[in-house]
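The values are calculated or read from the model by the stated rules, or taken from the named source; none is laboratory data. Keep in mind the model is a prediction, meaning the values are calculated, not measured. Positions of Cβ are backbone-derived with ideal geometry, glycine not excepted, and every protein chain shown enters the neighbour counts. Just the protein is used for accessible areas: all its heavy atoms, side chains included, with ligands, DNA and RNA removed. Shrake-Rupley method; radii C 1.70, N 1.55, O 1.52, S 1.80 Å.
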Amino acid sequence: MRDLKIPAQRHPEKARKPDNAQPKKPDWLRVRAPSGAGYAETHKIMRDNKLVTVCEEASCPNAAECWGQGHAAMMIMGEVCTRACNFCNVATGRPDALDPFEPARIAQAVKKLSLNHVVITSVDRDDLADGGAEHFAQTIRAVRHASPKTTIEVLVPDFLRCPDSALECVVAAKPDVFNHNIETVPRLYPSICPGSRYFFSLRLLQKVKEIDPEMFTKTGIMVGMGETAEEMRQVMDDMRSADVDFLTIGQYMQPTPKHQAVDRFVHPDEFEAYKKAAYAKKFLMVSASPLTRSSHHAGDDFAQLRAARKEKLARG
């Protein structure tokens, strides 16, 4: 049996890679260790319902803050991914069969946590004909039934090897926000996320708007992996061409020495410049800071996103 707490077993495909130096983090990337009653209660609910969270699996730096406030991003379809992206700390390998009771457990956890907004994400499941699209749809419907006032954000894989019906299935389940992360600039795709395709992901987001023009779309990108400011501006233009509403930009942080090396730590002032550039390109909502992650402050951000659309419509 694999022990996913051991990096070499968690990422067997990286075991023989040379170590990359992990530079010391600057002061603006310091985060507090998990603690407090809120964190403990959220942790207990997750364990009692046998749930996986991307907060833990991806080693999110904001886990202490979010769990302390009773927020968590649920990760469905197991904890083992069929892809081996060079930036990601989620375990790689052959996943188990889908658990048909998982959607109900997710829904019960959302209800117990009294969440106003929930983020539901997943590993890549290239072993499934629909990439897990129907499982996403079942989870959305289960949460709607158990907690009707909770708004739902999905952060989905690219469904690269699936028919168009996979995407249509998820959109038809009516999440409030459809999120799919672009991750990096196209030049870096072969080394950072070799199992994915930049323009396929871009087109996926565009298709969502074609199916349901009213659905909010969202994407995220990491910086500090060797991209240039010019490439970042081009990616923003590409996203707006796909009619993406909401962009998140955060600092890449290397999970282990076997993962992609950090090229540099981007200063907060540069994040602010990216944020201003993105708003100038007419994104409805932009979150850009060293600790920004797709699911961080997602509920508050969704409220602002709705307000921004309402204001835009009022201006005509």
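Would you check if R293 is of a type in the set (K, R) and part of a loop (DSSP other than H, G, I, E, B)? Talk me through it step by step, then tell me what you get.
Numbers: of a type in the set (K, R): yes; part of a loop (DSSP other than H, G, I, E, B): yes.
Criteria met by R293.
Look at R315 and say whether it is open to solvent by 30 Å² or more (accessible area, probe 1.4 Å), closer than 29 Å to V171 by Cβ and in contact with a Gly (Cβ under 7 Å, 6 or more places away or on another chain).
no
Would you tally the residues in the range 1-46 being open to solvent by 50 Å² or more (accessible area, probe 1.4 Å), charged (D, E, K, R), assigned to a helix (DSSP H, G or I) and modelled with pLDDT of 80 or more?
2
Could you check G195 against (1) modelled with pLDDT of 95 or more; (2) open to solvent by less than 30 Å² (accessible area, probe 1.4 Å) and say which number it fails?
Going through (1) modelled with pLDDT of 95 or more; (2) open to solvent by less than 30 Å² (accessible area, probe 1.4 Å) one by one, G195 breaks only (1).
For residues in the range 167-192 being hydroxyl-bearing (S, T, Y) and in contact (Cβ under 8 Å) with a residue 24 or more places away in the chain, which is least open to solvent (accessible area, probe 1.4 Å)?
Just the residues of the range 167-192 that are hydroxyl-bearing (S, T, Y), to begin with: 184, 189, 191.
The next check asks that each one be in contact (Cβ under 8 Å) with a residue 24 or more places away in the chain; those that pass are 184, 191.
On the way: T184: 1, S191: 60 Å².
Per the stated criteria, the residue is T184.
Specify which of the listed residues (F136, F87) is part of a loop (DSSP other than H, G, I, E, B) and buried (at least 19 other Cβ atoms within 10 Å of the Cβ). Working first, answer last.
Working: F136 fails: part of a loop (DSSP other than H, G, I, E, B).
Only one candidate qualifies: F87.
If we scan the range 51-60, do we find a residue that is at pLDDT 65 or above, buried (at least 19 other Cβ atoms within 10 Å of the Cβ), among the aliphatic types (A, V, I, L, M) and under 20 Å from S295 (Cα atoms)? Before you say what the answer is, go through the steps one by one.
In the first step, residues of the range 51-60 are kept if they are at pLDDT 65 or above; the result is none.
No, that holds for no residue.
Given the conditions (1) loosely packed, with under 15 Cβ neighbours inside 10 Å; (2) at positive phi, which single one is not true for G224?
(1)
I'd like to know if the range 129-147 contains one or more residues that are without any contact (Cβ under 8 Å) to a residue 60 or more places away in the chain, acidic (D, E) and out of contact with any helix residue (DSSP H, G or I) (no Cβ under 9 Å at 6 or more places or on another chain). Can you show your working first?
As a first pass, look at the range 129-147 and keep what is without any contact (Cβ under 8 Å) to a residue 60 or more places away in the chain: 129-135, 137-138, 140-147.
Still in the list and also acidic (D, E): 130, 134.
Among the residues that remain, those that are also out of contact with any helix residue (DSSP H, G or I) (no Cβ under 9 Å at 6 or more places or on another chain) are: none.
No; the residues of the range 129-147 include none that is without any contact (Cβ under 8 Å) to a residue 60 or more places away in the chain, acidic (D, E) and out of contact with any helix residue (DSSP H, G or I) (no Cβ under 9 Å at 6 or more places or on another chain).
Report whether or not D126 is assigned to a loop (DSSP other than H, G, I, E, B), touching a Ser or Thr at 6+ places or on another chain (Cβ under 6 Å) and of a type outside the set (F, W, Y). Please lay out each step first, then the result.
Details: assigned to a loop (DSSP other than H, G, I, E, B): yes; touching a Ser or Thr at 6+ places or on another chain (Cβ under 6 Å): yes; of a type outside the set (F, W, Y): yes.
For D126, the condition - assigned to a loop (DSSP other than H, G, I, E, B), touching a Ser or Thr at 6+ places or on another chain (Cβ under 6 Å) and of a type outside the set (F, W, Y) - is met.
In the range 255-268, which residues are assigned to a loop (DSSP other than H, G, I, E, B) and surrounded by fewer than 21 Cβ atoms within 10 Å (Cβ to Cβ)? Reasoning before the result, please.
Restricting attention to the range 255-268, the residues satisfying the condition of being assigned to a loop (DSSP other than H, G, I, E, B) are 255-267.
Those that are assigned to a loop (DSSP other than H, G, I, E, B) and surrounded by fewer than 21 Cβ atoms within 10 Å (Cβ to Cβ): P255, T256, P257, K258, A261, V262, D263, R264, F265, H267.
Consider E210 carefully, then state whether it is without any contact (Cβ under 8 Å) to a residue 12 or more places away in the chain and open to solvent by 20 Å² or more (accessible area, probe 1.4 Å).
The answer is yes for E210.
When the residues of the range 90-122 are narrowed to those that are touching a residue at least 60 places away in the same chain (Cβ under 8 Å) and not in a helix (DSSP H, G or I), which ends up nearest to Q254 (Cα to Cα)? It would help to see each step written out before you state the result.
Initially, the range 90-122 is screened for residues touching a residue at least 60 places away in the same chain (Cβ under 8 Å), giving 91-93, 109, 112-113, 115-117, 119, 121.
This time we only want the ones that are not in a helix (DSSP H, G or I), so: 91-93, 115-117, 119, 121.
Working: A91: 15, T92: 16, G93: 20, L115: 30, N116: 31, H117: 29, V119: 23, T121: 21 Å.
Per the criteria, the residue is A91.
Name the residue, out of R233, R240, R203, R309, that is open to solvent by less than 50 Å² (accessible area, probe 1.4 Å), in contact (Cβ under 8 Å) with a residue 12 or more places away in the chain, assigned to a helix (DSSP H, G or I) and basic (K, R).
On the way: R233 fails: open to solvent by less than 50 Å² (accessible area, probe 1.4 Å); R240 fails: open to solvent by less than 50 Å² (accessible area, probe 1.4 Å); R203 fails: open to solvent by less than 50 Å² (accessible area, probe 1.4 Å).
Answer to the check: R309.
So for the range 283-306 (the condition being over 27 Å from L115 (Cα atoms) and modelled with pLDDT of 95 or more), does at least one residue qualify?
Step one: of the range 283-306, the residues over 27 Å from L115 (Cα atoms) are none.
No, that holds for no residue.
Right, E153: open to solvent by 40 Å² or more (accessible area, probe 1.4 Å), among the acidic types (D, E) and in contact (Cβ under 8 Å) with a residue 40 or more places away in the chain or not? First the steps, then the outcome.
On the way: open to solvent by 40 Å² or more (accessible area, probe 1.4 Å): no; among the acidic types (D, E): yes; in contact (Cβ under 8 Å) with a residue 40 or more places away in the chain: yes.
Answer is no for this residue.
Can you name every residue in the range 243-254 that is more than 16 Å from the chain's Cα centre (by Cα) and surrounded by 15 or more Cβ atoms within 10 Å (Cβ to Cβ)?
Let us first name the residues in the range 243-254 that are more than 16 Å from the chain's Cα centre (by Cα), namely 243, 254.
Passing the criteria: only Q254.
Checking V286 against (1) open to solvent by 30 Å² or more (accessible area, probe 1.4 Å); (2) out of contact with any Gly (no Cβ under 7 Å at 6 or more places or on another chain), which test does it fail?
(1)
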